[in-house]
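Here the structure comes first, spelled out in structure tokens, and everything after it is commentary.
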Amino acid sequence: MANPKKKRREDLKKGEVLCSYCTAKCCRYFAFPIDTPKKRQDYDYLRWFLLHGRVAIFVEDGTWYLMVYADCKHLQEDHRCGIYEDRPQICRDYTTDNCEYEDDALYDKFFETPEQIWEYAQAVLPASQGRTFSSEPMSAREVVLPVLG
Ligand code: SF4
Ligand code: SF4
């Protein structure tokens with residue numbers, strides 16, 4: 001059984017596996033890059049994402065990402081993979097060599113609530129685009145739902 005008690009990576013003994021000391025951080029979310037917001041409507045899409053809860057937006061090295069907090073359905077109570085032999089390729093490709101084991105979820109930018117992204121938009125958009133918008137949602141007539149690709 002995996003032991004969630006934290007151990008420093010450099011203190012691992014020969015043959016020990018780092019995942020045995022982790023609560024499976026990498027199996028509890030997924031994230032993918034999204035277009036960098038440039039205009040008011042872009043920020044309104046991001047606000048829409050964040051209205052759903054259990055999502056966040058972060059920026060790392062200039063790239064914007066949408067992160068969805070969701071435990072994998074095959075993650076077991078002992079933090080091990082329930083389909084290890086049949087796990088998806090992306091799981092196989094991810095190794096402990098450069099994983100987030102000791103990360104503190106620090107990003108260049110991080111937004112957890114719609115209010116945060118809206119406030120940020122108001123700060124960075126030119127006055128002609130953003131400073132005048134209210135905290136109220138856009139009207140239904142203005143909204144065009146984004147196509148996720
Ligand atoms: S790969 Fe890294 S983050 Fe994922 S379970 Fe193992 S130690 Fe934790
Ligand atoms: S399939 Fe296994 S390794 Fe992949 S996310 Fe789910 S529990 Fe983690």
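Rule-based calculations on the coordinates, nothing more; no lab input. Keep in mind that what you see is a predicted model, and the values were worked out from it rather than measured. Positions of Cβ are backbone-derived with ideal geometry, glycine not excepted, and every protein chain shown enters the neighbour counts.
Between Leu75 and Glu115, what FRET efficiency follows from the Cβ-Cβ distance if R0 is 41 Å, with the result rounded to 0.05?
0.85
Net charge near Pro33, counting Lys/Arg +1 and Asp/Glu -1 over other residues with Cβ under 13 Å of its Cβ?
That works out to -3.
Rank Leu125, His79, Gly53 by how far each Cα sits towards the positive end of the charge dipole of the range 9-131 (+1 on Lys, Arg Cβ; -1 on Asp, Glu Cβ) and give me just the farthest.
Leu125
Given +1 on the Cβ of Lys and Arg, -1 on the Cβ of Asp and Glu, and no further charges, what dipole in debye does the range 9-131 carry about its Cα centre, rounded to the nearest 20?
The dipole magnitude comes to about 440 debye.
Report the gain in length on full extension from Asp97 to Glu60: 0.36 nm times residue separation, minus Cα-Cα distance, nm rounded to one decimal.
11.4 nm
So what is the diffusion coefficient of the range 1-64 in µm² per second by Stokes-Einstein at 37 °C and 0.692 mPa s, using a Kirkwood Rh over Cα pairs?
Estimated via Stokes-Einstein, D reaches 219 µm²/s.
Mean separation of Cα pairs under 8 Å and 6+ residues apart, divided by the residue count of the range 9-131: what relative contact order is that in percent?
The normalised contact order for the range 9-131 reaches 33 percent.
Using alpha carbon centroids, what distance separates the range 4-39 and the range 75-118, in Å?
5 Å
Taking all pairs of distinct Cα atoms, average 1/r, flip it, and tell me the Kirkwood hydrodynamic radius of the range 9-131 in Å to one decimal place.
Evaluated over the range 9-131, this radius sits at 16.7 Å.
Could you state the orientation-averaged shadow area of the convex hull built on the Cα atoms of the range 35-100, in nm² to one decimal?
For the range 35-100, the mean projected area of the Cα convex hull comes to 6.3 nm².
Compare the Cα positions of Pro88, Val68, Cys19 along the charge dipole of the range 9-131 (+1 at Cβ of Lys, Arg; -1 at Cβ of Asp, Glu; about the Cα centre) and return the one farthest towards the positive end.
Selected residue: Val68.
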